[in-house]
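Working notes for the structure below.
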Amino acid sequence: MDADRATADGSSGTDGWLAAAAGLVAGALGFAAVFGVTALQQRDRAAREPDFADALAAAFGSDAGRVLSGIADWLEPDPTQVVAWVTYASHRIPLRVDAEAFGNTARRTVDVQSLSVWSDFLAYLPPVVLFAAGVAVVGLAGVDRLSRAWQPGVAVAAGYVAAALVAFRAASYERSLGVAALAVAPDPVTVALHTAAYAVVFGLGGALAAAIVRSALADG
């Protein structure tokens with residue numbers, strides 16, 4: 001009975017798991033692609049941007065001026081960290097900045113999209129890449145039924161979120177000189193929630209849309 005049902009659906013359980021595995025890989029590669037394109041577009045600019053630290057300090061507001069009076073000279077993030085911050089910003093994930101100097105403390109949430117290193121087209125990268133990944137996995141797996149598209153689609157989303165959390169390490173910046181300390185990083189919970197929302201809407205959405213089209217073509 002089960003074998004007949006699998007045959008009628010045009011797929012075995014093994015094929016389903018292979019499609020899911022392909023979805024995980026596609027999702028992870030999708031996040032890597034977003035990061036890579038951001039690096040190509042932003043890395044040199046972010047590394048040489050003279051007012052990046054000034055813009056970050058200005059985002060704190062005048063009330064934090066005493067704490068961050070020297071942040072522009074002190075903040076020297078690695079270009080990879082800046083690229084990671086911009087990559088997360090393309091998912092509407094802000095930076096959390098904690099600073100302390102001579103007993104004064106300040107904490108702010110900074111929208112990287114408001115800084116000079118941001119380019120508007122980067123906001124379109126995650127949706128386009130995720131949708132393409134969902135479509136590609138469904139096509140490669142030969143899925144032509146909507147009921148079978150959810151598994152590779154969810155797998156694409158899971159792979160994307162997992163890669164985003166793994167890359168979180170590259171986005172964490174901490175520096176301490178005893179009398180002063182600075183920590184800059186997105187919130188990991190926000191990273192998980194925002195990337196999951198993007199991945200489900202666009203990754204799973206792409207898989208379902210592709211399955212609908214393939215099913216319509218097969219029936220036609």
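The values are calculated or read from the model by the stated rules, or taken from the named source; none is laboratory data. Only a predicted model underlies this, so the values are computations on that prediction, with no experimental measurement involved. Note: ideal-geometry Cβ built from the backbone for every residue, glycine included; neighbour counts use all protein chains shown. The area values use the complete protein model at the heavy-atom level, side chains included, leaving out ligands, DNA and RNA. Shrake-Rupley method; radii C 1.70, N 1.55, O 1.52, S 1.80 Å.
For the range 81-108, what are the residues that are touching a Lys or Arg at 6+ places or on another chain (Cβ under 6 Å) and over 14 Å from ALA181 (Cβ atoms)?
VAL83
Give me the pairs: first residue in the range 113-128 and open to solvent by less than 20 Å² (accessible area, probe 1.4 Å), second residue not in a helix (DSSP H, G or I), beta-carbon distance under 8 Å, and six or more apart or on different chains, which are they?
Going by the 8 Å Cβ cut-off, the qualifying pairs are LEU115/ALA59; VAL117/GLU49; LEU122/SER90; PRO126/SER90; PRO126/HIS91.
Can you pull out every residue in the range 186-216 that is surrounded by 18 or more Cβ atoms within 10 Å (Cβ to Cβ) and of a type in the set (Val, Ile, Thr)?
Of everything in the range 186-216, those that are surrounded by 18 or more Cβ atoms within 10 Å (Cβ to Cβ) and of a type in the set (Val, Ile, Thr) turn out to be VAL191, THR195, VAL200.
If I ask for residues that are open to solvent by 10 Å² or more (accessible area, probe 1.4 Å), β-branched (Val, Ile, Thr) and under 19 Å from the mean Cα position of the chain (by Cα), which ones from the range 83-112 would you list?
THR109
In this structure, is PHE168 within 21 Å of ALA89 (Cβ to Cβ) and at pLDDT 95 or above?
No.
Which one is farthest from ALA167 (Cα to Cα) among residues in the range 1-34 that are at pLDDT 95 or above and either open to solvent by less than 50 Å² (accessible area, probe 1.4 Å) or in contact with a Pro (Cβ under 8 Å, 6 or more places away or on another chain) (or both)?
Looking at residues that are at pLDDT 95 or above and either open to solvent by less than 50 Å² (accessible area, probe 1.4 Å) or in contact with a Pro (Cβ under 8 Å, 6 or more places away or on another chain) (or both), I get ALA26.
Could you say whether any residue in the range 98-112 is part of a helix (DSSP H, G or I), farther than 29 Å from ALA211 by Cα and hydroxyl-bearing (Ser, Thr, Tyr)?
No.
I'd like to verify a number: residues in the range 191-220 that are among the charged types (D, E, K, R) and either free of Cβ contacts under 8 Å to residues at least 40 places away in the same chain or under 16 Å from PRO127 (Cα atoms) (or both), how many? It would help to see each step written out before you state the result.
The first filter runs over the range 191-220 and keeps only residues among the charged types (D, E, K, R), leaving 214, 219.
Then keep just the ones that are either free of Cβ contacts under 8 Å to residues at least 40 places away in the same chain or under 16 Å from PRO127 (Cα atoms) (or both); that gives 219.
Summing the residues that are among the charged types (D, E, K, R) and either free of Cβ contacts under 8 Å to residues at least 40 places away in the same chain or under 16 Å from PRO127 (Cα atoms) (or both) in the range 191-220 gives 1.
Restricting to the range 136-149, and then to whatever is part of a helix (DSSP H, G or I) and either buried (at least 21 other Cβ atoms within 10 Å of the Cβ) or basic (Lys, Arg) (or both), can you tell me which residue is modelled with the highest pLDDT?
VAL137
I need the full set of residues from the range 61-95 which are at pLDDT 90 or above and among the polar types (S, T, N, Q), in order please.
THR87, SER90
What residue, among those in the range 154-185 that are assigned to a helix (DSSP H, G or I) and without any contact (Cβ under 8 Å) to a residue 12 or more places away in the chain, is surrounded by the fewest Cβ atoms within 10 Å (Cβ to Cβ)?
Pass one, the range 154-185, residues assigned to a helix (DSSP H, G or I): 154-166, 168-171.
Going one step further and asking which of them are without any contact (Cβ under 8 Å) to a residue 12 or more places away in the chain, we end up with 166, 169.
On the way: VAL166: 12, ARG169: 9.
Across the range 154-185, the extreme among qualifying residues is ARG169.
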